[in-house]
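> Take a look at this one; I'll ask things after.
The values are calculated or read from the model by the stated rules, or taken from the named source; none is laboratory data. Just so it is clear, the model here is predicted, and its values are computed rather than measured. Backbone-built Cβ (ideal geometry, glycine too); neighbour counts: all protein chains shown. Accessible surface is based on the protein model in full, side chains and every heavy atom, while ligands, DNA and RNA are left aside. Shrake-Rupley method; radii C 1.70, N 1.55, O 1.52, S 1.80 Å.
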Amino acid sequence: MEGPIPLETRLKLLKETITKLKRIRKLAQDTSRTTNSDNDDTYNVSQHKNAKVGDDTLYNQQTALYKLKDIRDPDPKKLFIEDLSALVKKARKEDKDIILTGDFNELIGDDPNGMVKVISAGGLTDAHSHQHGVVDISTYTRGVKRLDYVFVTPRLVEHILRSGYEPFHTRIASDHRGYFVDFALAGFLDRQLPSIFSASSRAIRGSHPSNITKYIKHLHEYFIENDMYRRVKEQKYWYEKDKLEKLDRMITRGMLEAEDQCRIHHREPWSKEVNEVMTTAHILRINLSSIRNNIDCSKQIAQKQSLLQKKIKVPEELREATIALRVAQKNCRKLIHDRRVKTTSIEEEQEAAFVAMNPEMDTKRAAQIFQRARDTKQMMSELPSKMNCPGGISAILVPLPMEGIELEYLAITDGPTIETVILQRNIRHFRQAEFTPLATPEVINKIGFGADTKRAEQLLDGTDDPTDITDDEWSRFLLTSMKRNSNELEIEITAEKMMNKYTRWKERTSTSPSGRHLGHYHALFRPLKAEKDKERDRLEGIRIDIIELHAGMLQTAYDNEHVYKRWEYILTCMLAKESGIPRIHRLRVIHLYECDLNLLFSIFFRELDQHCEDNYLINKGVYGCRPNRRAIDPVFVDVTQNEMAMVTRTPLVKFNNDATACFDRILVHLLSLCIRSYGMPKKLTKILGELLRVARYAIKTGIGISKETYQHSDESPAFGSGQGSGASAQGWTKLVSKLFDLHDKYGHGCKYADPWRLYNAIIGMLGFVDDNNITNNGEPWETVTDIIIRTQHDAQLWNDLLRATGGALNLDKCFAQVLAFQFGLNGAPVIAPADPTLTITIQDRLLNKEVTITPISPYKTYRFLGTEQGTSKNQKEQHGKLKKTSATHNRKLACSAMSPKCAWVHYSAVFLSSVGYPLSMCHLSQHQLHDLQKKYIPTLMNKIGIARTHAHALVFGPRSHGGIGCNDLRIEQGLDAVQNLIRQLRTPGYGKQLATIFMRTFQHASGLSQALLQYPLIRAPHLEGHYYVHIRRFLAKHRASLEIECIPKPTYERQRDEYIMDVVCSPTTTTNLMKSKLKHYTDAEIRQIYYCKSYLNVKRISDLCTADGAFILPSIAKGERSIRQSVSKLNEITQEQPGGTSWIIWRRFLSTLCREQYRFGPTTINEETEQQFSNGTLITKYWKGVPYLGRIVSKTDKYYNIEYEDGDAEDLNSAEVSKYMKKNTGEGRMTGEIGTRMRLQIPLGDWTILANKSERMWPFYYADSTDTLYRSYRKDWYTNEEIYYDCHSTNENDTDTYNYTANGNVTLLPDDASPTDVMDTDEGWRISQHQPTDSTSRVNIATDGGAIPLKGSLGFVFADEQGMILLTCYGQPSGNDPLSFRSEICALLAATRLVRLIVQYYDRKTPCDEPVRSKIQVYTDSLSMIKKLKAYNEYPTASLKTVLNSEWDVLSALNKALQWFPKEPKLSWVKSHQDDLEYDENAMPLDAYLNSEADELATIGLKRLQEKPLVPMDPESSIQFHIEGRTITRDFKRTEFSGCTNFASRNYLQERGSTNETTSMTRDAHHAWMMKMTTTYSNVLREEA
């Protein structure tokens, strides 16, 4: 090694010398050989069989390994020769060249059974002997033979230039000589020297405060010297293109020069002190070796002495040399320790700089973030990686034009060839959109690259007819949709906006081919090093001047639509999509723009995005590249659609598609037109259009940067802004939003409505960047074939719309899936298998051919945005992929040398992030989830110094209870699902719409009265679907619940009513039925009863009965639908009629609701044959519509004596008996098996709900106010369609009956109308018995809140302008362990709502339509609350981004409460506790006095009131999470996880603390145990010094 080397490297080499590493090291070797060759380093043990050697020698180690392989009495030396010979023979048979180097521990040729056999097997040549002949040379200090060799195959011999041995100890102190072999490069490797040059590395970094100071000073001096500040300001007012371009070049030159001043040379740590100490130790080590082995090393020692400032005296005696070496080694160790301390001080300086850079953050928190980032970086560096060359590809694989099923690839490694091939590939790639309708040069010229032509203005104004622009129908629709929907925004580039972007931009991001990378701009805000405050202030002033200069250059370019020359040069970075397999068609193309250009785009697109979000201009189906949207959101919609289909049993057809190379096919003129329609300034679009028109693209690979470039022209267009541009993602979002709007307008979509039709939605296109999803469920009367036709229309429409923008569908990746349902004999729904006759045909307009897509099986899962989805119950595919990911992380962790802290970072930052990503949308079983972690967790335990068999209760337990704090995936999945559901229901969009509709449908379909997720412990084995059932199961297991506002409260149609499924699933909870008669049903029986109930469309007991609530309808017991029974007005689920077995169980259930059948005395038959009817004959007679059962008991003359079931009696003649007997056998009876009519044990009472608001529609209604009978009419009685009511007035001849002929109809019933049964008579309908329906001034408000563990309090006062207190109040916030922040919010919320209630009260008392005039001034000491409310007002979408943040429920409620006022109250901050020093109403400021009063009230509330852990449901919150009777409002994940794991850890610790089975651990012992365990784990995870 020439020259001084780094300390750590030096020590490593010394250590290798001391341990006498017996290997020959190849000193020159090319690392990128692509010919067939093997480079083998070998070591042959010197001992023969049965040699007496030490236990830990390599000989004995090899012997032990051979014995493990069942080789008895092994001879390592002999076996080594045999194995190596076989390896060499195999390589030569495969025509591979070999370079074999090694310490063979023998003189080649002495032993015919030794290495000679290996050389002969491969026909190898000794490189040294080939050049120098046979020379006797000793290569080992304690021997006289040549032991070290380099052998090569004959083809490599001719390429050897030089070879030879060096004297002992020439480079390092070793007991072997160094050996070198130089090969000629030309012809040796099958490639030429590359012509692609490498990019320069960075020298300025924000993590070095001293370098930042140096950079700022030098750059400022350069700017002063060249008068840059004045000249930049001058250009702002007197723009000249050439002068501005020259200024930009000069600024770039100055920035690069300043960076050179900061360049850190890697040899800087090699100081004089290090050189002296290390070289001295090296010399003494060589000297000791020369004395021991009697070798003359005077030349080597003299050479090393020349490196010292002062030569040392070399001992000549062995003892003195040994002592001197020990002293030198001690000095080395001391130096190492000092250097480590110095390194630590550098890290401390960086940490202090990070803390200083974030003054708004708590110091402790900032330090924790820095430590976490450093630990993560260290962890990633310690992980084994497959990426040996992360800089990019250095070879490409090109398919060969050969016939066959599998493609064969040719590897290209020659630099110029790679450059040529990739350039040609990119030219083809970026002109893919050339043949789309709007990509012709004529269209581009009409619209203009920057959409700045007269025709573009007409399109934006909506006054142009695009017929002559293109003949493509959908392209014309697209151009028509570009009508401006917003005025042009006024956006200014300021220094503040610029630095805000740079602050958030990761410094290591690759940008700026010119060298003006992000390190230059991070130096403008990162902490710098200054000795004095005055000097720091001066440097900060300089930085402000430099920032203003950069902002001025950007603003000047924007104002004058100037494109800097350096912006025109764009690097195209080529990366392999599959690691290690750089196939030419599988390359990822990333554009590297100048960072200030991308910043310009970012500033404008950010404000445009905010404008679009605030005004709801973006289509709801667009999820990619939008604030408050995540990739998992479309997955949630997709899963909920599957669940909806399974719950309602309605067909669902899905078409998933992928847009190919979407960013690389964007037509810039169309993009400019689109973003201008949303309000983007024209100047920005002109800069964007001009840039992409003149841009030159160079290729960047692992080899370097190409000199050749390509650019756009009419003959060879280059479309697309590409990945890496600040305009691509946001621009694509706006463009695809236009497409989605058109698709929603002309497509069908998936229509949903809740059963009550209060919520409805049409789910159109769903898209996340290039992944899109089309769904269709059709109308209720449509078949699956009809829905397929709809889906084909929508898919073709999307294909044509995408083509209009220059894009295209990747039809190879598109697939469809059909979910249709069949029913088993017992009524159970099953998903029907795929029908091979159902296909979707897409017309490929580009290739002019039809592409047929056959739907995949409905049981097959599909990959969607990183998750595996489908109808699978067990999710085996998802489990398999996650298990593979988990195994990969486990191997990496096990094979690394991580510290405990880094291992923990790997677990929390890598393992949980990757394995846990899809869990929120999965329903894996507990066994599957534990299978994902059962191998990784023991490995982690070993790494952090804890036994692998540590109890799981403590491994997954919270640290507050002595646990380690690992996240159990069995709990993680449930918590993620709950958190995701909360987020969806609180965020507007398709997710909230569909979740709301589904939760209401799910609740209604279940037939249960109580909310399913709020009461998860209620038995419900009949629920359909997988995902939401999994959430319910998780909540039940952990004693948690979700209260959801949109789920309707249970409604009972009449008194003493019950829900059928409540009686079936939980018979013990009923209050209106005789529990003794009710039965317990198995899960299978419950499902069969559920199928019968669903078929009959009944929900409550009242739905089974007659209108009088006394009898079960005959058709209900028969299992038949009848127009004489009530039907649902709601959207009901699909259910075919179950088989006979299910109806037996159904009737058994009905019998538990009814009395025993009415029986009279013994039936006797009168022997008098002249009687027409015998005694005992049953009849049924109606009185006022109520049926009564009677029996003939005797006959007197021509009359029969009838006795009725209620004890009444009468005489009837033969005709009447015949009539009523028919009633009994017809209406009075059902079937022979059922017997007589079923009467309820406890008849139902009066109606409790108005007929118009009821969920049921009865055949007849009667209204006393109009004395009219109303007959319900619907075209199909059991189909949810339009309803109206025919009006039937009383019969003129018989006022007790109503005419059969209607005299009109109505759509709404009178309020007193109630259901009734009717009886057919000759005169008309006779109704049965039925039940009726049951000055300008200012008001000062001061608020304050306080909190102690588990309890909070609030107080507020109202006062007039003079400070006279008008009203005082104290109270408490609800929620689990409310902190003072929640108390402060609740105090202001309570005061605000009280004001509103007072106003509304007096508005009613004294009718007044005038708005509130009083000015309201609010004083609070919560500055954070004021800031958040200000952000909510400034950014309307801010509240949506924070739905999972702490105290969101009350903060969002407060924000909406304040908006009620015509003029929002003014919020002012006041310093708290000003009364601690002096409390004087007159002396104190008014705001301080009122705040002190509010604080005193809050203190009173804190002392007097009890905790209130449960939060009442606020409809604005949509959903709340409860666990063990406490509402969680902050730190969802941590609090929920702690609540779910506390129980297990507490039980475990209690068992461990027990002295016997009956004596449990005391509280003190329990506490001591927890403290001990927590301290132990903290110490384990603490980084070692």
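> Just going by the charge dipole of the chain, with Lys and Arg at +1 and Asp and Glu at -1 on Cβ, which of F477, S138, C966 is farthest out on the positive end?
S138
> Positive end of the charge dipole of the chain (Lys, Arg +1 and Asp, Glu -1 on Cβ, about the Cα centre): tell me which of F223, C1092, G552 has its Cα farthest that way.
Result: F223, furthest along the dipole toward the positive end.
> Heavy-atom accessible area per residue, the chain, 1.4 Å probe: how many Å²? List each step's numbers first, then the result.
On the way: 75020 Å² over 1585 residues.
I get 47 Å² per residue for this part.
> Here's a follow-up. List the chymotrypsin sites (Phe, Trp or Tyr not before Pro) within region 802-899 that fall in a DSSP loop (any state other than H, G, I, E or B) and whose Cβ has at most 16 other Cβ atoms within 10 Å.
On the way: sites: F815, F821, F823, Y859, Y862, F864; in loops: Y859.
Answer in residue order: Y859.
> Just going by the charge dipole of the chain, with Lys and Arg at +1 and Asp and Glu at -1 on Cβ, which of L882, I603, S306 is farthest out on the positive end?
In the chain, that residue is S306.
> Go ahead and run the numbers for FRET between I427 and E225, Cβ-Cβ distance against an R0 of 41 Å, rounding to 0.05. Before the final figure, lay out each step's value.
Working: r = 44 Å, r/R0 = 1.08.
Efficiency computed from Cβ-Cβ geometry: 0.40.
> Order these peptides, 1456-1462, 967-973, 308-314, by their mean beta-carbon neighbour count within 10 angstrom, highest first.
On the way: 1456-1462: 14.3, 967-973: 22.6, 308-314: 12.1.
Descending packing order for the listed peptides: 967-973, 1456-1462, 308-314.
> For the pair K876 and I336, how long in nm is the line joining their label points, each one 7 Å along Cα→Cβ?
With each label placed 7 Å out from Cα toward Cβ, I get 5.5 nm.
> Okay, moving on. Extending each Cα 7 Å along its Cβ direction at R696 and L256, get the distance between those two points in nm, one decimal.
1.4
> Please work out how much length the chain gains when fully extended from L79 to D658, using 0.36 nm per residue of separation minus the C-alpha to C-alpha distance, in nm with one decimal.
Working: separation 579, 0.36 × 579 = 208.44 nm, distance 5.73 nm.
In short, 202.7 nm is gained.
> Report the Stokes-Einstein translational diffusion coefficient (µm² s⁻¹, integer) for the chain, Rh taken as the Kirkwood radius over Cα pairs, at 37 °C with viscosity 0.692 mPa s. Walk me through the numbers on the way to the answer.
Values: Rh = 41.1 Å.
Here the translational diffusion coefficient equals 80 µm²/s.
> Now for a separate question. Using packing as a proxy for protection, rank 1068-1076, 766-774 so that the peptide with the highest average count of other Cβ atoms within 10 Å comes first. Before the final figure, lay out the partial values.
Values: 1068-1076: 11.7, 766-774: 23.6.
Going by the mean number of other Cβ atoms within 10 Å, highest first, we get 766-774, 1068-1076.
> Additional query: Please tell me which of these pairs span more than 18 angstrom C-alpha to C-alpha: K577/K813; K884/K943; K241/K683; K577/K734; K272/K304? Show your work: numbers first, answer last.
On the way: K577/K813 16 Å; K884/K943 21 Å; K241/K683 16 Å; K577/K734 27 Å; K272/K304 14 Å.
Pairs exceeding 18 Å: K884/K943; K577/K734.
> Then there is this: What residues of region 324-338 lie in the reach of a label at K311, counting those whose backbone N is under 16 Å from a point 7 Å from the Cα along Cα→Cβ?
Those under the cut-off are none; the list is empty.
> Across 10 Å bins from the origin, how do the percents of Cα pairs in region 545-602 run, short distances first?
Bin by bin from 0 Å, the calculated values are 20, 36, 21, 15, 8.
> Report the calculated FRET efficiency for E1282 and L758 (r = Cβ-Cβ distance, R0 = 25 Å), to the nearest 0.05.
Numbers: r = 17 Å, r/R0 = 0.69.
Once rounded, the FRET efficiency stands at 0.90.
> What spacing in nm lies between the two simple spin-label points modelled at K1037 and R891, each 7 Å away from Cα in the Cβ direction?
With each label point 7 Å from Cα toward Cβ, the separation is 3.0 nm.
> Within 10 Å of each candidate Cβ there may be at most 13 other Cβ atoms; applying that plus a DSSP loop requirement, which trypsin sites (Lys or Arg not before Pro) in region 62-132 survive? Walk me through the numbers on the way to the answer.
On the way: sites: K67, K69, R72, K77, K78, K89, K90, R92, K93, K96, K117; in loops: K69, R72, K96.
Those satisfying the criteria are K69, R72.
> Check cross-link reach from K1037 to the aspartates and glutamates: straight Cα distance under 16 Å, and skip same-chain residues fewer than eight apart.
D968, E972, D976, E1524, E1536
> If amide H atoms are built 1.01 Å from N in the plane of the peptide, which residues on other chains or at least 5 residues away come under 5 Å of the amide H of W1460?
Under 5 Å from the amide H of W1460 lies no amide H from a residue far enough along the sequence or on another chain.
> Between D1311 and L847, what FRET efficiency follows from the Cβ-Cβ distance if R0 is 60 Å, with the result rounded to 0.05? If you can, show how the numbers build up before the last one.
Working: r = 66 Å, r/R0 = 1.11.
The formula returns an efficiency of 0.35 here.
> Once region 97-176 is represented by equal point scatterers at the alpha-carbon sites, with solvent omitted, what log10 I(q)/I(0) does the Debye formula produce at q = 0.18, 0.19, 0.23 Å⁻¹?
-0.80, -0.89, -1.21
> Now for a different question. Calculate the tail of P(r) for region 1283-1325: the fraction of all Cα-Cα distances greater than 14 Å, expressed in %.
Numbers: 495 of 903 pairs.
Counting pairs separated by more than 14 Å, the tail of P(r) holds 55 percent.
> Taking 0.36 nm per residue of sequence separation and subtracting the Cα-Cα distance, how much length would be gained by fully extending the chain between E434 and S579, in nm to one decimal? Please report the intermediate quantities before stating the final value.
Working: separation 145, 0.36 × 145 = 52.20 nm, distance 3.09 nm.
Gain in length upon complete extension: 49.1 nm.
> Rounded to the nearest 20 debye, what is the charge dipole size of the chain about its Cα centre when +1 sits on each Lys and Arg Cβ and -1 on each Asp and Glu Cβ? Mind showing how you got there, number by number?
Values: 210 positive and 202 negative charges, 1393 e Å.
The dipole magnitude comes to about 6680 debye.
> Just subtract the alpha-carbon distance of R1148 and K751 from 0.36 nm times their residue separation and send over the number in nm, one decimal.
Values: separation 397, 0.36 × 397 = 142.92 nm, distance 3.86 nm.
Answer, rounded to one decimal: 139.1 nm.
> Pop out the carbon and sulfur fraction of the accessible area of the chain as a percent, whole number, probe 1.4 Å. Walk me through the numbers on the way to the answer.
On the way: 37800 of 75020 Å².
Taking all protein chains in place, the chain shows 50 percent carbon and sulfur surface.
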